[in-house]
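Here the structure is laid out as structure tokens; the discussion comes afterwards.
The values are calculated or read from the model by the stated rules, or taken from the named source; none is laboratory data. Since we're looking at a predicted model, the values are computed, not measured. In this analysis, Cβ positions are derived from the backbone assuming ideal geometry, glycine residues included, and neighbour counts consider all displayed protein chains.
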Amino acid sequence: MGLKIRGIYATALTRFFLDQGCFIVEPSRQIKARFESHNNVDLPEPVKVEIKDRRDDQGLILSGEPAELEQAVKLLREDFFDVVYREKESEPDSHDRVVEIEFPYQAKKALDGFRGRVLPTVNLHHRLRIIAPRLLDLMEKRQLARRPGQRKRISRDLERNLIWGFLKRGRGIAIEHVKLDGRVLSLSEGKILYSNYKDKKLVLKRSRFKGRYQYDGLAVPKAEGDYAVTEVNEGSWYYRHSYYRQDGQLIGEYYNVNTPIEIYPDRIRYVDLEIDVVKWPQGGSEIVEKELLDKEIECGRINQKLGEKALIVAKELKVKFS
């Protein structure tokens, strides 16, 4: 299978697909130089599947002949269990299929590892590349390449400067609630009450709620003056909203189950896994919307493993609060 790969994930994906016995055709000059000793790079083979970045760099667009495309997607879904798969419309009169792959937290981390087998690579490389590509390149080429033993320190400094240095108390931050079908819902912005790099934790206060007239799962009407305290830990499979009336009375708690949370300098991002848990002020808890998770597994947007992980997280939360 001949693959043409372009974009910020090209080095990692080239390493990954070469491990699977695939051919890389029409490589960029960089990829050709980085893999010059590999026999399966720059072969005179036809392009069967073309892979490029999504516009937001959060994943890939793959297009090509249906059978070969299916094989490439299967390899990605088997190795990166948290990826999200979406079928896209192809061009009119085209026989090619087009699909979209989303790379959440763990997939990016795994891709960092593949890239690290080829080039000096800091922790969180692919996320940091979305934020500041030129600075990242400079640090990896000039510092990390010369001092590979200092990878942890260089990675930590970059993460602090490019992400956590912006997350100051009182600053506003957005929440990108990505649905499995690809919609990105912008939840009401939060004001940072607490920020701790060591614990990778943020606590936000949110008071301008969007959407329905009542709180999801809790079935309690919204009222003027209500606010929420939202607690977020990077890498966590869930996060908590605690809803309050204006006088401080607790309305209830809502635990959103999601792919591990990614934190950027201006936003929090994750893919919502549909299933959630609510906790009542008087005690007790309930899993909600499990049927939505089941539908997403059935339609193939996520694999069985990821669905099972979401259900395990929800069940553990329910037991904790029952």
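Observations
- Test for E176: is it at pLDDT 95 or above, part of a helix (DSSP H, G or I), surrounded by 14 or more Cβ atoms within 10 Å (Cβ to Cβ) and on the phi < 0 side of the Ramachandran plot: no
- When the range 239-264 is filtered for residues that are under 30 Å from E102 (Cα atoms) and either within 13 Å of the chain's Cα centre (by Cα) or not hydroxyl-bearing (S, T, Y) (or both), the ones remaining, listed by number, are R240, H241, E253, N256, V257, N258, T259, P260, I261, E262, I263, Y264.
- Residue in the range 200-210 that is exposed (fewer than 14 other Cβ atoms within 10 Å of the Cβ), closer than 18 Å to D276 by Cβ and assigned by TED's automatic domain parsing to the domain that holds V313 present: yes
- Only one entry in E234, E176, E224 is among the charged types (D, E, K, R), in contact with a Lys or Arg (Cβ under 7 Å, 6 or more places away or on another chain), more than 21 Å from E289 (Cα to Cα) and touching a residue at least 12 places away in the same chain (Cβ under 8 Å), namely E234.
- Residue check: L13 meets all listed conditions (1) touching a residue at least 60 places away in the same chain (Cβ under 8 Å); (2) part of a loop (DSSP other than H, G, I, E, B); (3) hydrophobic (A, V, I, L, M, F, W, C) but one, namely (2).
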